[in-house]
1. Under 17 Å from the mean Cα position of the chain (by Cα), touching a residue at least 40 places away in the same chain (Cβ under 8 Å), closer than 26 Å to THR241 by Cα and assigned by TED's automatic domain parsing to the domain that holds THR216: which single residue out of VAL296, VAL286 fits that description?
2. For segment 83-105, give me each residue that is part of a helix (DSSP H, G or I) and exposed (fewer than 15 other Cβ atoms within 10 Å of the Cβ).
3. When only residues in segment 245-262 that are more than 20 Å from VAL292 (Cβ to Cβ) and out of contact with any strand residue (DSSP E or B) (no Cβ under 8 Å at 6 or more places or on another chain) count, which is surrounded by the most Cβ atoms within 10 Å (Cβ to Cβ)?
4. Could you count how many residues in segment 106-158 are in a loop (DSSP other than H, G, I, E, B) and over 22 Å from LEU301 (Cβ atoms)?
5. Among the listed residues PHE242, PHE210, identify the single one that is in the same structural domain as ASN100 (by TED's automatic domain parsing), surrounded by fewer than 21 Cβ atoms within 10 Å (Cβ to Cβ) and not charged (D, E, K, R).
6. I'd like to check something: does segment 85-107 contain any residue that is among the aromatic types (Phe, Trp, Tyr) and closer than 27 Å to ALA171 by Cβ?
7. Restricting to segment 247-278, and then to whatever is hydrophobic (A, V, I, L, M, F, W, C) and under 16 Å from ASN157 (Cβ atoms), can you tell me which residue is modelled with the lowest pLDDT?
8. Suppose we keep only residues that are surrounded by fewer than 16 Cβ atoms within 10 Å (Cβ to Cβ) and basic (Lys, Arg) within segment 214-239. Which one would you say is nearest to LEU80 (Cα to Cα)?
Amino acid sequence: MDQAPGSPQDPRDQGPRDARSLPTCYRHPDRETGIRCTRCERPICPECMVSASVGFQCPDCVRSGSGTGHSPAATQPRTLAGGTVTADTRLVTKILIGINLAIYLVQLSVGNAFTDRFDLFGHAVLSGQWQGVADGQWYRMLTSMFLHGSYIHILFNMLSLWWIGGPLEAALGRARYLTLYFVSGLAGSALSYLLAAPNQPSLGASGAIFGLFGATAVLMRRLNYDMRPVIALLVINLIFTFSPGFNIAWQAHIGGLIGGVLVGYAMVHAPRKRRNLTQYGVSALVLVAVVVATLVRTAQLT
C-alpha cells in the first residue's frame, strides 16, 4: 500500500536514500548526519549524541534505560543493603545532628517547661494534673529521643551519631538507615516505659545510638571485619550505662540495642529476591512489639 501524502514517516526513513545525501537527525530535521543511535538506529546529529559503552545513543534511549531491558532504577549502583548510592553519604546523619542540636537550643532558651512537655515518663502528676504516656501522650515516645539533659549528654550522643551513623548510612542507604534509627529509638522508649518507674523521666537519643551500635556490630560481622573495636566501645558504654551515679536510663539503651541488632540483621542479611519484604517486614515486627509493650504498660498504669 502506498503512503498517503503528508502522512508521518518513520524517523529511520528520513532523508533521501541515494548516495548523494545523508539522513537527517530525527530531532533536528535540518541537519544531515551519518551517525545512528546504537539502540534504536535513528539518525542523530552531534548535538544529540550521547557517548555509550559502544557507539552513541540518542537522548530518548538514554532516558528510557540502559539498553539491557531493565528500568533505569535497576541499573543504579546499590549499597550492601540494597539502598541507592548517593553523593553525600552522611546527609541524613547531618540532618539528625542538626535537629538534635536545634531542639537542645530550644531547651536552653525555654527551660524546664519545654523539656517537661516532651520528655518520656509513664504516669505522674505534672502542673497539677496527671500526665504521661499512660494518659494518652503517646508522642513522648518519639519526642523524648531528641531531648538532652546536659552539654555532656548531647556531646557524647552527637559524637557517637557522627562516628557510628555516617558509615552505617553509607552501607545501608538513607531510607534503611533512617528506619533503623527511629525503630531503635522507639524500641528504647518502649522498654523504658515498660520497666522504669512511672514517674521516672527519661530523654535523649541514646536508645537510637545503641541501636546503631548493634547494627554496626552486625554489619562488621557480615563483612568479616575485626569486631574488637566496636565490641570494646559497646562494652565501655554498657559499663557507663549500669554504673551507679550516672543517672542513666539503662532500659532505653538495652531496648535500642536489641532493636538495632534485629533490624540491622534483617538489613544486611536479607536475601536479594525478598530484600525489601524482609528488611521492612522485620522493622514492622519490631514496631508491633513496641506497640504491644506500650499497650501492656498502659493497661498496668490505668
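The values are calculated or read from the model by the stated rules, or taken from the named source; none is laboratory data. Owing to the predicted nature of the structure, the values given are computational and were not obtained by experimental measurement. Positions of Cβ are generated from backbone atoms using ideal geometry, with glycine treated the same way; all protein chains shown enter the neighbour counts.
1. Exactly one of VAL296, VAL286 is under 17 Å from the mean Cα position of the chain (by Cα), touching a residue at least 40 places away in the same chain (Cβ under 8 Å), closer than 26 Å to THR241 by Cα and assigned by TED's automatic domain parsing to the domain that holds THR216, namely VAL286.
2. LEU91, ILE95, GLY98, ILE99, LEU101, ALA102, LEU105, listed by residue number.
3. Within segment 245-262, the subset more than 20 Å from VAL292 (Cβ to Cβ) is 245-250, 253.
From what is left, the residues that are out of contact with any strand residue (DSSP E or B) (no Cβ under 8 Å at 6 or more places or on another chain) are 245-248, 250, 253.
On the way: GLY245: 5, PHE246: 10, ASN247: 7, ILE248: 18, TRP250: 19, HIS253: 25.
Within segment 245-262, the match that is surrounded by the most Cβ atoms within 10 Å (Cβ to Cβ) is HIS253.
4. Taking segment 106-158 and keeping what is in a loop (DSSP other than H, G, I, E, B), we get 111, 119, 121-123, 127-128, 132, 136-139, 147-150.
Now drop any that are not over 22 Å from LEU301 (Cβ atoms), which leaves 111, 148-150.
Total satisfying the criteria: 4.
5. Details: PHE210 fails: surrounded by fewer than 21 Cβ atoms within 10 Å (Cβ to Cβ).
Going through PHE242, PHE210 in turn, just one is in the same structural domain as ASN100 (by TED's automatic domain parsing), surrounded by fewer than 21 Cβ atoms within 10 Å (Cβ to Cβ) and not charged (D, E, K, R): PHE242.
6. No.
7. Looking only at segment 247-278, we keep the residues that are hydrophobic (A, V, I, L, M, F, W, C), and these are 248-250, 252, 254, 257-258, 261-263, 266-268, 270, 277.
Checking the rest, the ones that are also under 16 Å from ASN157 (Cβ atoms) come to 248-250, 252, 257.
Working: ILE248: 80, ALA249: 84, TRP250: 88, ALA252: 92, LEU257: 95.
Per the criteria, the residue is ILE248.
8. ARG221
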